1. For the residue pair Leu105 and Ser124, what label-to-label distance in nm results when each label sits 7 Å from Cα along the Cα-to-beta-carbon direction?
2. Could you tell me how far the Cα centroid of the range 16-60 sits from the Cα centroid of the range 159-192, in Å?
3. For Ala185, what residues show an amide H to amide H distance below 5 Å, using hydrogens built from the backbone and excluding near sequence neighbours?
4. R0 = 22 Å: FRET efficiency of Ser202 with Gln42, Cβ-based, nearest 0.05?
5. Would you count, across the chain, every pair of lysines whose alpha carbons are under 18 angstrom apart, provided the pair is eight or more residues apart or spans two chains?
6. Dividing the convex hull volume of the Cα atoms of the range 1-61 by its residue count, what figure in Å³ per residue is obtained?
7. Compute the label zone of Ala97 within the range 1-38: residues whose backbone N is under 15 Å from the point 7 Å along Cα-to-Cβ.
8. List, in order, the whole-Hz ³J(HN,Hα) value for each residue of the range 204-217 obtained from phi through the Karplus relation with A = 6.51, B = -1.76, C = 1.60 and θ = phi - 60°; use x for Gly and Pro.
Amino acid sequence: MKTPISIKRGTVAAVFIDLQEEHRQDRRYLVEGFEKILANVQRLQAAARGNHVPLYHWAYIVDLDKQDRPFHPVGDDGKSAFSDKSDPLTEICHEVAPSKGEALLVKAEASAFRTGAAARDLKSAGIEWLVMSGVWTEACIDASVKDAVAKGFRVLLVKDACGSGSAAMHQTGILNLANRLYGGAVTDTGGACRLLAGETVSVWQVEGSVPLRFTFDNAASLYADL
């Protein structure tokens with residue numbers, strides 16, 4: 001259901017997950033509508049910077065020399081099939097890259113919050129809300145959202161600033177998260193920018209147990225209503 005909320009200044013951070021060049025240049029890992037996603041992320045970043053909200057950027061880097069992954073896909077050269085440490089396409093896309101002084105963190109797994117000090121550092125800085133965007137919705141966004149919630153953060157999931165390999169993958173990924181986003185909310189880029197500016201905005205918040213019983217036929221319309 002839609003509920004009006006506001007976010008107290010000083011308690012929110014903006015989180016950007018895996019907005020790397022491989023998702024628009026590597027034909028194996030293209031994200032559908034990536035240019036539009038990047039444009040929405042630019043709006044979020046401008047709103048965050050303009051309202052003195054800290055920005056945290058993550059990149060997914062695979063180093064098979066240091067990581068024990070017996071089933072990880074590899075290419076003919078023995079390197080990771082995606083996000084390999086030697087691949088220049090792991091660079092953050094230039095238009096959404098960190099500005100001076102903004103945190104750039106590297107993760108070696110899907111979630112930004114499963115391991116490492118990021119969650120602890122954000123908590124110690126008084127952060128309660130994470131405005132989250134990035135790719136892929138059903139993979140690294142899903143894992144990061146769930147781990148953030150488990151660590152006590154409220155997540156504002158920005159649906160049109162996330163994406164995946166297809167609209168169906170993305171939309172069902174958002175719906176699955178919305179069904180269990182306890183303490184958090186789902187909105188679009190416009191709503192998120194207004195919340196970052198201190199306004200009150202009506203957003204989707206889960207009520208009860210798994211209210212979005214979507215089907216192949218109605219998933220897109222339910223997603224549009226979030």
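1. Between Leu105 and Ser124, the label points sit 1.3 nm apart.
2. 15 Å
3. Val155, Leu156, Leu157
4. On the way: r = 24 Å, r/R0 = 1.09.
Efficiency, rounded to the nearest 0.05: 0.35.
5. Final tally of qualifying lysine pairs is 13.
6. Working: hull volume 8.1 nm³, N = 61.
Spelled out: Cα convex hull of the range 1-61, divided by residues, is 133 Å³.
7. 19-22
8. So the J values, rounded to whole Hz, are 6, 10, 5, 9, x, 10, 6, x, 8, 8, 7, 10, 4, 7.
Every read-out reported here was derived from the displayed coordinates using simple, explicitly stated rules and does not represent laboratory data. Source: prediction; values computed, not measured. As a convention, Cβ positions derive from the backbone with ideal geometry for all residues, glycine included, and neighbour counts pool all protein chains shown.
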